[in-house]
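The values are calculated or read from the model by the stated rules, or taken from the named source; none is laboratory data. From a predicted model like this one, the values you see are computed outputs, not experimental measurements. All Cβ positions, glycine included, derive from the backbone under ideal geometry; neighbour counts span all protein chains shown.
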Amino acid sequence: MPAAPPEPETAQQASQDRPAVRAVGLAKSYGSTVALVGLDLHVAAGQTVALLGPNGAGKSTTIGVLLGLLSPDAGQVQVYGRPPSQAVAGGLVGAMLQDAGLMPGVRVGELLAMVRGLYPLPLPLDDLVGIAGLGSLLGRRVDRLSGGQTQQVRFAAAIAGDPLLLVLDEPTAAMDVQARRNFWTQIHAFAGRGRTVLFATHYLHEADDAADRVVVIAGGRKVADGTPAAIKANFGDRQVRFTLRHGSPALLAALDGVRAVDQDGARVTLHSGDPDATVSSLVRSELRWSGLEVGGPDLETSFLRLLAGQS
Amino acid sequence: MTGFLALELRRSLRDVRYLIIAVAMPIGLYLLFTGLFGAHGQRAQGLPQPVELMIAMIAYGAMWAVFSATGPRIAHERTIGWTRQLRVTPLSPAAALSGKLLTALAAALPAMALVALTAVVSHHVHLSATQWLALFAAMWAGVVPLALLGLAIGYLAGDEIAFPLTMALYFALGALGGLWIPLSVMPHVMQGLAQSLPSNGVAELGWRIAGGQAPVPKAVLVLTVWLLGSAAAALLAYRRRGTRSAH
(Lines give C-alpha, C1' and ligand atoms only; values in the text may rest on other atoms or scores of the structure.)
Protein backbone atom coordinates (compact mmCIF):
# COMPACT_ATOMS: atom_id res chain seq x y z
CA MET A 1 0.00 0.00 0.00
CA PRO A 2 1.30 3.48 -0.81
CA ALA A 3 1.48 5.89 2.11
CA ALA A 4 -1.73 7.82 2.64
CA PRO A 5 -1.63 11.42 1.44
CA PRO A 6 -1.80 13.70 4.50
CA GLU A 7 -4.38 16.17 3.27
CA PRO A 8 -7.59 14.09 3.32
CA GLU A 9 -6.49 12.73 6.71
CA THR A 10 -6.77 16.17 8.29
CA ALA A 11 -10.05 16.78 6.50
CA GLN A 12 -11.37 13.55 7.93
CA GLN A 13 -10.11 14.38 11.39
CA ALA A 14 -11.78 17.76 11.22
CA SER A 15 -14.98 15.99 10.25
CA GLN A 16 -14.63 13.51 13.07
CA ASP A 17 -15.31 16.17 15.73
CA ARG A 18 -18.70 17.00 14.28
CA PRO A 19 -21.85 14.98 14.79
CA ALA A 20 -22.13 12.30 12.13
CA VAL A 21 -25.75 13.12 11.39
CA ARG A 22 -27.76 16.18 12.28
CA ALA A 23 -31.25 16.18 10.78
CA VAL A 24 -33.96 18.59 11.87
CA GLY A 25 -37.61 18.61 10.92
CA LEU A 26 -37.34 16.33 7.89
CA ALA A 27 -40.55 16.05 5.92
CA LYS A 28 -41.14 14.11 2.74
CA SER A 29 -44.20 13.03 0.80
CA TYR A 30 -44.62 11.02 -2.38
CA GLY A 31 -47.78 12.39 -3.90
CA SER A 32 -50.44 11.82 -1.28
CA THR A 33 -48.32 9.32 0.65
CA VAL A 34 -46.62 10.96 3.61
CA ALA A 35 -43.27 9.32 4.40
CA LEU A 36 -41.71 11.69 6.93
CA VAL A 37 -43.36 14.24 9.22
CA GLY A 38 -40.84 16.47 10.98
CA LEU A 39 -38.24 13.83 11.81
CA ASP A 40 -35.27 14.86 13.98
CA LEU A 41 -32.22 12.64 14.10
CA HIS A 42 -28.86 13.30 15.73
CA VAL A 43 -26.10 10.73 15.63
CA ALA A 44 -22.82 11.36 17.43
CA ALA A 45 -19.61 10.26 15.71
CA GLY A 46 -18.60 6.75 16.69
CA GLN A 47 -22.07 5.55 17.72
CA THR A 48 -23.82 2.50 16.34
CA VAL A 49 -27.45 3.49 16.01
CA ALA A 50 -30.42 1.37 14.97
CA LEU A 51 -33.30 2.96 13.14
CA LEU A 52 -36.11 0.69 14.22
CA GLY A 53 -39.60 0.71 12.82
CA PRO A 54 -42.24 -1.32 11.01
CA ASN A 55 -42.44 -1.45 7.22
CA GLY A 56 -43.53 1.89 5.82
CA ALA A 57 -42.34 3.77 8.92
CA GLY A 58 -40.07 6.02 6.86
CA LYS A 59 -36.73 4.26 7.46
CA SER A 60 -35.70 4.00 3.83
CA THR A 61 -36.83 7.55 3.12
CA THR A 62 -34.75 8.80 6.05
CA ILE A 63 -31.74 6.94 4.71
CA GLY A 64 -32.36 8.23 1.19
CA VAL A 65 -32.35 11.79 2.52
CA LEU A 66 -29.20 11.23 4.61
CA LEU A 67 -27.39 9.96 1.52
CA GLY A 68 -28.58 12.77 -0.74
CA LEU A 69 -30.57 10.36 -2.93
CA LEU A 70 -33.78 12.17 -2.01
CA SER A 71 -34.29 15.81 -1.21
CA PRO A 72 -36.62 16.48 1.71
CA ASP A 73 -39.69 18.69 1.21
CA ALA A 74 -38.78 20.47 4.43
CA GLY A 75 -36.09 20.35 7.09
CA GLN A 76 -32.33 20.37 7.14
CA VAL A 77 -29.77 17.62 7.18
CA GLN A 78 -26.02 17.61 7.59
CA VAL A 79 -23.62 14.71 7.52
CA TYR A 80 -20.35 15.55 9.26
CA GLY A 81 -21.30 19.20 8.90
CA ARG A 82 -21.85 19.02 5.14
CA PRO A 83 -24.86 18.61 2.89
CA PRO A 84 -25.36 14.87 2.24
CA SER A 85 -24.32 14.96 -1.40
CA GLN A 86 -21.05 16.69 -0.47
CA ALA A 87 -20.38 14.20 2.31
CA VAL A 88 -20.90 11.38 -0.20
CA ALA A 89 -18.74 13.10 -2.83
CA GLY A 90 -16.03 13.62 -0.21
CA GLY A 91 -15.92 9.91 0.54
CA LEU A 92 -17.13 10.26 4.15
CA VAL A 93 -20.07 7.90 3.66
CA GLY A 94 -20.51 4.29 2.62
CA ALA A 95 -23.85 2.59 2.19
CA MET A 96 -25.46 -0.76 1.71
CA LEU A 97 -28.92 -0.12 0.29
CA GLN A 98 -31.82 -2.52 -0.03
CA ASP A 99 -32.27 -2.24 -3.77
CA ALA A 100 -28.67 -1.66 -4.78
CA GLY A 101 -26.65 -4.14 -6.77
CA LEU A 102 -23.13 -4.77 -8.04
CA MET A 103 -21.44 -4.04 -11.36
CA PRO A 104 -22.00 -7.12 -13.52
CA GLY A 105 -19.40 -8.78 -15.69
CA VAL A 106 -16.37 -8.26 -13.45
CA ARG A 107 -14.53 -10.15 -10.75
CA VAL A 108 -15.05 -9.32 -7.07
CA GLY A 109 -11.42 -8.23 -6.71
CA GLU A 110 -11.65 -5.92 -9.73
CA LEU A 111 -14.86 -4.38 -8.47
CA LEU A 112 -13.53 -3.71 -4.99
CA ALA A 113 -10.27 -2.29 -6.36
CA MET A 114 -12.30 0.12 -8.49
CA VAL A 115 -14.53 1.16 -5.59
CA ARG A 116 -11.50 1.68 -3.33
CA GLY A 117 -10.03 3.88 -6.03
CA LEU A 118 -13.01 6.24 -5.80
CA TYR A 119 -12.25 7.16 -2.15
CA PRO A 120 -9.47 9.41 -0.87
CA LEU A 121 -8.41 7.04 1.92
CA PRO A 122 -9.70 3.53 1.24
CA LEU A 123 -9.50 0.63 3.61
CA PRO A 124 -6.28 -1.33 2.96
CA LEU A 125 -7.17 -4.36 0.84
CA ASP A 126 -6.01 -6.85 3.49
CA ASP A 127 -8.20 -5.19 6.13
CA LEU A 128 -11.13 -5.15 3.73
CA VAL A 129 -10.75 -8.84 2.92
CA GLY A 130 -10.35 -9.61 6.63
CA ILE A 131 -13.33 -7.62 7.90
CA ALA A 132 -15.72 -8.68 5.14
CA GLY A 133 -14.48 -12.28 5.26
CA LEU A 134 -13.99 -12.41 1.51
CA GLY A 135 -11.26 -15.04 1.54
CA SER A 136 -11.56 -16.96 -1.70
CA LEU A 137 -14.20 -14.71 -3.29
CA LEU A 138 -11.84 -12.15 -4.87
CA GLY A 139 -11.34 -14.13 -8.07
CA ARG A 140 -15.02 -14.94 -8.53
CA ARG A 141 -17.29 -13.32 -11.09
CA VAL A 142 -19.78 -10.94 -9.45
CA ASP A 143 -22.69 -12.46 -11.42
CA ARG A 144 -21.90 -15.99 -10.27
CA LEU A 145 -22.11 -15.44 -6.51
CA SER A 146 -24.72 -17.00 -4.25
CA GLY A 147 -27.20 -14.71 -2.48
CA GLY A 148 -25.18 -14.75 0.73
CA GLN A 149 -21.90 -14.10 -1.08
CA THR A 150 -23.50 -11.20 -2.93
CA GLN A 151 -24.47 -9.65 0.40
CA GLN A 152 -20.88 -10.07 1.61
CA VAL A 153 -19.53 -8.30 -1.45
CA ARG A 154 -22.13 -5.54 -1.15
CA PHE A 155 -20.99 -5.03 2.43
CA ALA A 156 -17.36 -5.01 1.31
CA ALA A 157 -18.19 -2.40 -1.35
CA ALA A 158 -19.88 -0.26 1.32
CA ILE A 159 -16.82 -0.24 3.61
CA ALA A 160 -14.14 -0.30 0.86
CA GLY A 161 -13.64 3.46 1.15
CA ASP A 162 -13.24 3.24 4.95
CA PRO A 163 -16.12 5.72 5.36
CA LEU A 164 -16.60 7.61 8.64
CA LEU A 165 -20.31 6.86 8.43
CA LEU A 166 -21.63 3.50 7.31
CA VAL A 167 -25.34 3.41 6.47
CA LEU A 168 -27.16 0.10 6.12
CA ASP A 169 -30.78 -0.29 5.06
CA GLU A 170 -32.16 -3.57 6.40
CA PRO A 171 -28.88 -5.28 5.59
CA THR A 172 -29.80 -8.73 6.89
CA ALA A 173 -33.18 -9.02 5.17
CA ALA A 174 -31.99 -11.77 2.81
CA MET A 175 -29.65 -13.58 5.21
CA ASP A 176 -30.07 -16.82 7.13
CA VAL A 177 -29.36 -17.03 10.86
CA GLN A 178 -25.69 -17.96 10.54
CA ALA A 179 -25.05 -15.29 7.92
CA ARG A 180 -26.70 -12.70 10.15
CA ARG A 181 -24.47 -13.62 13.07
CA ASN A 182 -21.35 -13.35 10.89
CA PHE A 183 -22.58 -10.09 9.46
CA TRP A 184 -23.02 -8.39 12.84
CA THR A 185 -19.59 -9.61 13.91
CA GLN A 186 -18.19 -7.89 10.82
CA ILE A 187 -20.11 -4.70 11.57
CA HIS A 188 -18.67 -4.69 15.07
CA ALA A 189 -15.19 -5.11 13.65
CA PHE A 190 -15.76 -2.12 11.39
CA ALA A 191 -17.41 0.04 14.08
CA GLY A 192 -14.50 -0.85 16.36
CA ARG A 193 -12.29 1.31 14.14
CA GLY A 194 -14.10 4.34 15.55
CA ARG A 195 -16.61 4.46 12.71
CA THR A 196 -20.23 5.55 12.95
CA VAL A 197 -22.84 3.00 11.92
CA LEU A 198 -26.50 3.72 11.25
CA PHE A 199 -28.69 0.80 10.30
CA ALA A 200 -32.38 0.36 9.64
CA THR A 201 -34.15 -2.75 10.82
CA HIS A 202 -37.59 -3.95 11.74
CA TYR A 203 -36.26 -6.55 14.15
CA LEU A 204 -36.16 -5.43 17.77
CA HIS A 205 -33.70 -8.17 18.71
CA GLU A 206 -31.31 -7.06 15.98
CA ALA A 207 -31.41 -3.47 17.24
CA ASP A 208 -30.97 -4.80 20.77
CA ASP A 209 -27.95 -6.96 19.89
CA ALA A 210 -26.07 -4.63 17.59
CA ALA A 211 -26.77 -1.01 18.53
CA ASP A 212 -25.58 1.37 21.26
CA ARG A 213 -28.72 3.35 20.76
CA VAL A 214 -32.09 2.73 19.19
CA VAL A 215 -34.22 5.34 17.48
CA VAL A 216 -37.76 4.13 16.91
CA ILE A 217 -39.67 5.66 14.03
CA ALA A 218 -43.25 5.07 13.04
CA GLY A 219 -45.59 6.99 10.82
CA GLY A 220 -42.73 9.16 9.60
CA ARG A 221 -41.70 10.53 12.98
CA LYS A 222 -39.47 9.61 15.88
CA VAL A 223 -41.49 7.94 18.60
CA ALA A 224 -38.73 6.80 20.95
CA ASP A 225 -34.99 7.18 21.35
CA GLY A 226 -32.87 5.42 23.93
CA THR A 227 -30.66 2.54 24.91
CA PRO A 228 -31.65 -0.89 23.64
CA ALA A 229 -32.65 -1.86 27.19
CA ALA A 230 -34.99 1.11 27.55
CA ILE A 231 -36.54 0.52 24.14
CA LYS A 232 -36.99 -3.16 24.83
CA ALA A 233 -38.79 -2.36 28.08
CA ASN A 234 -41.20 -0.13 26.17
CA PHE A 235 -41.58 -2.06 22.95
CA GLY A 236 -40.69 -5.58 23.94
CA ASP A 237 -44.23 -6.55 24.95
CA ARG A 238 -44.96 -10.24 24.53
CA GLN A 239 -48.37 -11.65 23.78
CA VAL A 240 -50.07 -14.03 26.18
CA ARG A 241 -53.04 -15.59 24.37
CA PHE A 242 -55.72 -17.98 25.59
CA THR A 243 -59.42 -18.73 25.34
CA LEU A 244 -61.32 -17.50 28.36
CA ARG A 245 -63.64 -20.31 29.55
CA HIS A 246 -64.97 -18.76 32.72
CA GLY A 247 -64.51 -15.61 34.77
CA SER A 248 -64.87 -11.87 34.46
CA PRO A 249 -62.89 -10.21 31.65
CA ALA A 250 -62.53 -7.23 33.98
CA LEU A 251 -59.94 -9.22 35.93
CA LEU A 252 -57.63 -9.56 32.93
CA ALA A 253 -56.14 -6.07 33.08
CA ALA A 254 -55.23 -6.60 36.73
CA LEU A 255 -52.97 -9.59 36.03
CA ASP A 256 -49.26 -8.97 36.66
CA GLY A 257 -47.30 -7.31 33.86
CA VAL A 258 -50.31 -6.67 31.63
CA ARG A 259 -50.15 -3.43 29.65
CA ALA A 260 -53.11 -3.90 27.36
CA VAL A 261 -55.91 -6.35 26.69
CA ASP A 262 -57.44 -7.32 23.35
CA GLN A 263 -60.51 -9.53 23.15
CA ASP A 264 -61.91 -11.25 20.10
CA GLY A 265 -64.92 -13.17 21.38
CA ALA A 266 -63.58 -15.57 23.99
CA ARG A 267 -60.04 -15.34 22.59
CA VAL A 268 -57.94 -13.03 24.73
CA THR A 269 -54.60 -11.41 23.92
CA LEU A 270 -52.72 -9.83 26.79
CA HIS A 271 -49.79 -7.53 25.98
CA SER A 272 -47.32 -8.09 28.74
CA GLY A 273 -43.97 -6.64 29.71
CA ASP A 274 -43.28 -9.75 31.81
CA PRO A 275 -45.00 -12.83 30.38
CA ASP A 276 -43.69 -15.11 33.18
CA ALA A 277 -45.38 -12.98 35.82
CA THR A 278 -48.53 -12.68 33.74
CA VAL A 279 -48.85 -16.44 33.32
CA SER A 280 -48.13 -17.04 37.05
CA SER A 281 -50.83 -14.65 38.12
CA LEU A 282 -53.19 -16.12 35.54
CA VAL A 283 -52.68 -19.57 37.09
CA ARG A 284 -53.33 -18.19 40.58
CA SER A 285 -56.44 -16.28 39.50
CA GLU A 286 -60.00 -17.60 39.55
CA LEU A 287 -60.14 -17.42 35.74
CA ARG A 288 -60.61 -20.62 33.71
CA TRP A 289 -58.79 -20.76 30.41
CA SER A 290 -57.42 -23.06 27.69
CA GLY A 291 -55.14 -22.97 24.68
CA LEU A 292 -52.38 -20.86 26.27
CA GLU A 293 -49.74 -19.42 23.93
CA VAL A 294 -46.94 -16.95 24.57
CA GLY A 295 -45.81 -14.97 21.51
CA GLY A 296 -42.68 -12.95 20.85
CA PRO A 297 -42.44 -9.16 20.81
CA ASP A 298 -44.79 -7.66 18.26
CA LEU A 299 -43.45 -4.31 17.20
CA GLU A 300 -46.37 -3.49 14.93
CA THR A 301 -48.81 -3.76 17.82
CA SER A 302 -46.56 -1.75 20.13
CA PHE A 303 -46.20 0.98 17.51
CA LEU A 304 -49.92 1.13 16.86
CA ARG A 305 -50.60 1.43 20.57
CA LEU A 306 -47.97 4.08 20.94
CA LEU A 307 -49.25 6.07 17.97
CA ALA A 308 -52.82 5.78 19.22
CA GLY A 309 -51.64 7.06 22.61
CA GLN A 310 -49.95 10.07 20.97
CA SER A 311 -52.77 11.28 18.84
CA MET B 1 -12.43 8.03 -12.29
CA THR B 2 -9.58 6.41 -14.25
CA GLY B 3 -10.11 3.16 -12.35
CA PHE B 4 -13.80 3.32 -13.16
CA LEU B 5 -13.08 3.95 -16.87
CA ALA B 6 -10.51 1.17 -17.03
CA LEU B 7 -12.86 -1.36 -15.47
CA GLU B 8 -15.78 -0.27 -17.66
CA LEU B 9 -13.62 -0.69 -20.75
CA ARG B 10 -12.30 -4.05 -19.63
CA ARG B 11 -15.79 -5.42 -19.13
CA SER B 12 -16.95 -3.99 -22.44
CA LEU B 13 -14.18 -5.76 -24.32
CA ARG B 14 -14.99 -9.00 -22.49
CA ASP B 15 -18.69 -8.82 -23.23
CA VAL B 16 -19.66 -11.76 -25.44
CA ARG B 17 -22.42 -9.81 -27.18
CA TYR B 18 -19.89 -7.14 -28.08
CA LEU B 19 -17.34 -9.63 -29.33
CA ILE B 20 -19.83 -11.52 -31.48
CA ILE B 21 -21.95 -8.71 -32.84
CA ALA B 22 -19.54 -5.78 -32.97
CA VAL B 23 -16.35 -7.64 -33.85
CA ALA B 24 -17.04 -11.06 -35.35
CA MET B 25 -20.17 -10.22 -37.33
CA PRO B 26 -18.85 -7.23 -39.34
CA ILE B 27 -15.73 -9.24 -40.17
CA GLY B 28 -17.82 -12.24 -41.19
CA LEU B 29 -20.18 -10.09 -43.25
CA TYR B 30 -17.23 -8.38 -44.90
CA LEU B 31 -15.76 -11.68 -46.00
CA LEU B 32 -19.19 -12.93 -47.06
CA PHE B 33 -20.14 -9.85 -49.10
CA THR B 34 -16.78 -9.48 -50.78
CA GLY B 35 -17.04 -13.17 -51.65
CA LEU B 36 -20.63 -12.86 -52.94
CA PHE B 37 -20.32 -9.66 -54.92
CA GLY B 38 -16.83 -10.33 -56.15
CA ALA B 39 -13.80 -8.44 -55.02
CA HIS B 40 -13.20 -6.55 -58.23
CA GLY B 41 -16.43 -4.72 -59.00
CA GLN B 42 -16.91 -1.01 -58.66
CA ARG B 43 -19.78 0.24 -56.57
CA ALA B 44 -21.79 3.39 -56.38
CA GLN B 45 -19.13 5.46 -54.69
CA GLY B 46 -16.68 4.66 -57.42
CA LEU B 47 -14.64 2.77 -54.86
CA PRO B 48 -13.37 -0.76 -55.31
CA GLN B 49 -15.76 -3.27 -53.76
CA PRO B 50 -13.41 -4.34 -50.90
CA VAL B 51 -12.86 -0.71 -49.84
CA GLU B 52 -16.49 0.29 -49.96
CA LEU B 53 -17.59 -2.77 -48.00
CA MET B 54 -14.78 -2.31 -45.49
CA ILE B 55 -16.07 1.16 -44.69
CA ALA B 56 -19.66 -0.03 -44.46
CA MET B 57 -18.63 -2.76 -42.03
CA ILE B 58 -16.44 -0.40 -39.99
CA ALA B 59 -19.51 1.77 -39.54
CA TYR B 60 -21.59 -1.28 -38.75
CA GLY B 61 -19.24 -2.66 -36.09
CA ALA B 62 -18.66 0.74 -34.52
CA MET B 63 -22.40 1.24 -34.30
CA TRP B 64 -22.96 -1.95 -32.29
CA ALA B 65 -19.90 -1.30 -30.14
CA VAL B 66 -21.33 2.00 -28.92
CA PHE B 67 -24.86 0.61 -28.64
CA SER B 68 -23.86 -2.47 -26.66
CA ALA B 69 -21.81 -0.43 -24.20
CA THR B 70 -24.69 1.96 -23.53
CA GLY B 71 -28.38 1.05 -24.02
CA PRO B 72 -28.74 -2.53 -22.76
CA ARG B 73 -25.97 -2.16 -20.20
CA ILE B 74 -27.25 1.02 -18.57
CA ALA B 75 -30.82 -0.32 -18.50
CA HIS B 76 -29.58 -3.49 -16.83
CA GLU B 77 -27.49 -1.58 -14.29
CA ARG B 78 -30.46 0.58 -13.41
CA THR B 79 -32.63 -2.49 -12.90
CA ILE B 80 -30.20 -4.39 -10.70
CA GLY B 81 -29.38 -1.27 -8.68
CA TRP B 82 -25.73 -0.76 -9.62
CA THR B 83 -26.53 2.79 -10.73
CA ARG B 84 -27.94 3.40 -7.26
CA GLN B 85 -24.92 1.90 -5.52
CA LEU B 86 -22.59 4.10 -7.57
CA ARG B 87 -24.58 7.13 -6.48
CA VAL B 88 -23.53 6.56 -2.87
CA THR B 89 -19.85 6.54 -3.80
CA PRO B 90 -17.77 9.68 -4.43
CA LEU B 91 -18.08 9.19 -8.21
CA SER B 92 -20.30 12.05 -9.39
CA PRO B 93 -23.29 11.26 -11.61
CA ALA B 94 -21.76 13.47 -14.32
CA ALA B 95 -18.52 11.48 -14.17
CA ALA B 96 -20.45 8.22 -14.37
CA LEU B 97 -22.34 9.49 -17.41
CA SER B 98 -19.27 10.73 -19.25
CA GLY B 99 -17.49 7.52 -18.27
CA LYS B 100 -20.18 5.56 -20.09
CA LEU B 101 -19.82 7.71 -23.18
CA LEU B 102 -16.03 7.44 -23.26
CA THR B 103 -16.14 3.68 -22.72
CA ALA B 104 -18.59 3.26 -25.57
CA LEU B 105 -16.39 5.28 -27.90
CA ALA B 106 -13.27 3.41 -26.82
CA ALA B 107 -15.03 0.08 -27.44
CA ALA B 108 -15.71 1.18 -31.02
CA LEU B 109 -12.02 1.43 -31.90
CA PRO B 110 -11.04 -2.26 -31.76
CA ALA B 111 -14.19 -3.21 -33.70
CA MET B 112 -13.30 -0.65 -36.39
CA ALA B 113 -9.61 -1.57 -36.51
CA LEU B 114 -10.25 -5.30 -36.85
CA VAL B 115 -12.49 -4.84 -39.89
CA ALA B 116 -9.80 -2.66 -41.48
CA LEU B 117 -7.16 -5.26 -40.65
CA THR B 118 -9.31 -7.99 -42.21
CA ALA B 119 -9.70 -5.90 -45.38
CA VAL B 120 -5.99 -5.23 -45.59
CA VAL B 121 -5.06 -8.87 -45.05
CA SER B 122 -7.76 -10.53 -47.17
CA HIS B 123 -8.11 -8.02 -50.02
CA HIS B 124 -4.93 -5.98 -49.79
CA VAL B 125 -6.88 -2.78 -49.35
CA HIS B 126 -4.47 0.10 -49.63
CA LEU B 127 -4.96 3.64 -48.39
CA SER B 128 -2.41 6.30 -47.57
CA ALA B 129 -1.50 6.86 -43.92
CA THR B 130 -3.26 10.22 -44.01
CA GLN B 131 -6.38 8.60 -45.43
CA TRP B 132 -6.41 5.90 -42.74
CA LEU B 133 -5.99 8.52 -40.04
CA ALA B 134 -8.67 10.82 -41.45
CA LEU B 135 -11.00 7.89 -42.06
CA PHE B 136 -10.73 6.62 -38.49
CA ALA B 137 -10.95 10.09 -36.95
CA ALA B 138 -14.00 11.08 -38.99
CA MET B 139 -15.89 7.82 -38.58
CA TRP B 140 -15.07 7.65 -34.88
CA ALA B 141 -16.39 11.16 -34.36
CA GLY B 142 -19.36 10.18 -36.50
CA VAL B 143 -20.52 7.48 -34.05
CA VAL B 144 -20.77 9.97 -31.14
CA PRO B 145 -24.47 10.66 -31.94
CA LEU B 146 -25.12 6.91 -31.90
CA ALA B 147 -23.42 6.54 -28.51
CA LEU B 148 -25.60 9.36 -27.15
CA LEU B 149 -28.67 7.66 -28.60
CA GLY B 150 -27.60 4.50 -26.74
CA LEU B 151 -27.32 6.50 -23.50
CA ALA B 152 -30.83 7.85 -23.98
CA ILE B 153 -32.19 4.34 -24.51
CA GLY B 154 -30.32 3.09 -21.46
CA TYR B 155 -31.89 5.69 -19.19
CA LEU B 156 -35.40 5.45 -20.64
CA ALA B 157 -36.00 1.82 -21.59
CA GLY B 158 -36.52 -1.00 -19.13
CA ASP B 159 -34.08 -3.89 -18.88
CA GLU B 160 -36.43 -6.20 -20.79
CA ILE B 161 -36.76 -4.09 -23.90
CA ALA B 162 -33.45 -2.22 -24.02
CA PHE B 163 -31.60 -5.07 -25.72
CA PRO B 164 -34.22 -5.93 -28.40
CA LEU B 165 -34.83 -2.23 -28.99
CA THR B 166 -31.14 -1.46 -29.49
CA MET B 167 -30.77 -4.55 -31.65
CA ALA B 168 -33.74 -3.55 -33.86
CA LEU B 169 -32.38 -0.04 -34.19
CA TYR B 170 -28.97 -1.43 -35.10
CA PHE B 171 -30.36 -3.63 -37.87
CA ALA B 172 -32.69 -0.93 -39.13
CA LEU B 173 -29.95 1.70 -39.23
CA GLY B 174 -27.65 -0.79 -40.93
CA ALA B 175 -30.12 -1.96 -43.59
CA LEU B 176 -31.86 1.36 -44.25
CA GLY B 177 -28.62 3.32 -43.99
CA GLY B 178 -27.08 1.58 -46.96
CA LEU B 179 -24.50 -0.46 -45.06
CA TRP B 180 -25.79 -3.78 -46.46
CA ILE B 181 -27.17 -2.71 -49.81
CA PRO B 182 -25.71 0.16 -51.82
CA LEU B 183 -27.89 3.25 -52.00
CA SER B 184 -27.82 3.16 -55.78
CA VAL B 185 -29.96 0.01 -55.95
CA MET B 186 -32.53 1.41 -53.49
CA PRO B 187 -35.74 3.09 -54.67
CA HIS B 188 -35.53 6.84 -54.72
CA VAL B 189 -37.62 7.37 -51.58
CA MET B 190 -35.44 4.96 -49.66
CA GLN B 191 -32.32 6.79 -50.79
CA GLY B 192 -33.63 10.00 -49.30
CA LEU B 193 -34.36 8.23 -46.03
CA ALA B 194 -30.96 6.54 -46.02
CA GLN B 195 -29.16 9.83 -46.44
CA SER B 196 -30.88 11.22 -43.38
CA LEU B 197 -29.70 8.39 -41.11
CA PRO B 198 -26.58 8.65 -38.95
CA SER B 199 -25.41 5.17 -40.02
CA ASN B 200 -25.23 6.35 -43.62
CA GLY B 201 -23.62 9.59 -42.49
CA VAL B 202 -20.79 7.72 -40.77
CA ALA B 203 -20.15 5.51 -43.80
CA GLU B 204 -20.43 8.46 -46.17
CA LEU B 205 -17.59 10.21 -44.33
CA GLY B 206 -15.44 7.12 -44.78
CA TRP B 207 -16.34 6.58 -48.43
CA ARG B 208 -15.50 10.17 -49.31
CA ILE B 209 -12.17 10.10 -47.52
CA ALA B 210 -11.25 6.75 -49.12
CA GLY B 211 -12.17 8.21 -52.50
CA GLY B 212 -9.82 11.13 -51.89
CA GLN B 213 -12.65 13.66 -51.54
CA ALA B 214 -13.73 15.98 -48.76
CA PRO B 215 -16.83 14.80 -46.84
CA VAL B 216 -20.06 16.11 -48.36
CA PRO B 217 -21.64 18.87 -46.32
CA LYS B 218 -24.90 16.93 -46.29
CA ALA B 219 -23.46 13.99 -44.33
CA VAL B 220 -21.81 16.37 -41.87
CA LEU B 221 -25.07 18.29 -41.48
CA VAL B 222 -27.07 15.07 -40.95
CA LEU B 223 -24.63 13.90 -38.29
CA THR B 224 -24.64 17.28 -36.59
CA VAL B 225 -28.42 17.28 -36.40
CA TRP B 226 -28.34 13.75 -34.97
CA LEU B 227 -25.63 14.79 -32.53
CA LEU B 228 -27.68 17.66 -31.17
CA GLY B 229 -30.89 15.64 -31.09
CA SER B 230 -29.42 12.60 -29.36
CA ALA B 231 -27.41 14.73 -26.92
CA ALA B 232 -30.62 16.47 -25.89
CA ALA B 233 -32.42 13.11 -25.63
CA ALA B 234 -29.61 11.61 -23.55
CA LEU B 235 -29.54 14.58 -21.22
CA LEU B 236 -33.30 14.60 -20.73
CA ALA B 237 -33.40 10.83 -20.23
CA TYR B 238 -30.57 11.03 -17.73
CA ARG B 239 -32.22 13.88 -15.82
CA ARG B 240 -35.48 11.97 -15.71
CA ARG B 241 -34.16 8.61 -14.64
CA GLY B 242 -30.47 8.61 -13.99
CA THR B 243 -30.35 10.98 -11.07
CA ARG B 244 -33.48 9.89 -9.37
CA SER B 245 -33.74 7.06 -6.91
CA ALA B 246 -36.04 4.11 -7.35
CA HIS B 247 -38.79 5.62 -5.21
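The table below lists the values:
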quantity	calculated
Residue tally, condition within 14 Å of chain A (Cβ to nearest Cβ) and over 10 Å from B:ALA22 (Cα atoms), over segment B:53-84	14
Where B:LEU221 falls short, out of the listed (1) at pLDDT 90 or above; (2) not in a helix (DSSP H, G or I); (3) not polar (S, T, N, Q)	(2)
A:LEU123 vs. criteria touching a helix residue (DSSP H, G or I) at 6+ places or on another chain (Cβ under 7 Å), more than 7 Å from every other protein chain (Cβ to nearest Cβ) and in a helix (DSSP H, G or I)	no
Test: A:PRO72 is more than 9 Å from chain B (Cβ to nearest Cβ) and part of a loop (DSSP other than H, G, I, E, B)	yes
Candidate set from segment A:131-162 (those that are in contact (Cβ under 8 Å) with a residue 40 or more places away in the chain and more than 13 Å from every other protein chain (Cβ to nearest Cβ)); member that is surrounded by the most Cβ atoms within 10 Å (Cβ to Cβ)	A:ALA132
Given (1) of a type outside the set (Gly, Ala, Ser); (2) within 21 Å of the chain's Cα centre (by Cα); (3) over 30 Å from A:LEU166 (Cβ atoms), number of the condition B:LEU36 does not satisfy	(2)
Meets criteria (without any contact (Cβ under 8 Å) to a residue 60 or more places away in the chain and either buried (at least 21 other Cβ atoms within 10 Å of the Cβ) or over 30 Å from A:ALA157 (Cα atoms) (or both)) for B:SER128	yes
Test: A:GLY94 is at the interface with chain B (Cβ under 10 Å from one of its Cβ atoms) and assigned to a loop (DSSP other than H, G, I, E, B)	no
Residue satisfying all of: in segment B:1-34; of a type in the set (Val, Ile, Thr) and under 12 Å from B:PRO110 (Cβ atoms); nearest to the other protein chains (Cβ to nearest Cβ) among these	B:VAL23
Among the candidates A:ARG241, A:ARG221, A:ARG245, residue that is assigned by TED's automatic domain parsing to the domain that holds A:MET96, charged (D, E, K, R) and touching a residue at least 24 places away in the same chain (Cβ under 8 Å)	A:ARG221
In segment A:28-52, the residues that are surrounded by 17 or more Cβ atoms within 10 Å (Cβ to Cβ) and either within 14 Å of chain B (Cβ to nearest Cβ) or at positive phi (or both)	A:LYS28, A:ALA35, A:LEU36
Tally of residues being under 30 Å from A:GLY68 (Cα atoms) and assigned to a helix (DSSP H, G or I) across segment B:92-136	12
Contacts under 9 angstrom Cβ, first residue in segment A:167-188 being not assigned by TED's automatic domain parsing to the domain that holds A:GLY68, partner loosely packed, with under 13 Cβ neighbours inside 10 Å and in a helix (DSSP H, G or I), 6 or more apart	none
Checking B:THR89 against (1) outside any loop (DSSP other than H, G, I, E, B); (2) buried (at least 22 other Cβ atoms within 10 Å of the Cβ), the condition it does not meet	(1)
Qualifying residue in segment A:179-195 (condition: part of a strand (DSSP E or B), charged (D, E, K, R) and surrounded by fewer than 18 Cβ atoms within 10 Å (Cβ to Cβ))	no
Among the candidates B:LEU193, B:LEU135, residue that is farther than 30 Å from B:ARG84 by Cβ and either crowded, with 21+ Cβ neighbours inside 10 Å or among the β-branched types (Val, Ile, Thr) (or both)	B:LEU135
Some residue of segment A:100-118 being more than 8 Å from chain B (Cβ to nearest Cβ), in a loop (DSSP other than H, G, I, E, B) and surrounded by 22 or more Cβ atoms within 10 Å (Cβ to Cβ)	no
For A:ALA174: the one exception among (1) buried (at least 23 other Cβ atoms within 10 Å of the Cβ); (2) at pLDDT below 95; (3) within 14 Å of another protein chain (Cβ to nearest Cβ)	(1)
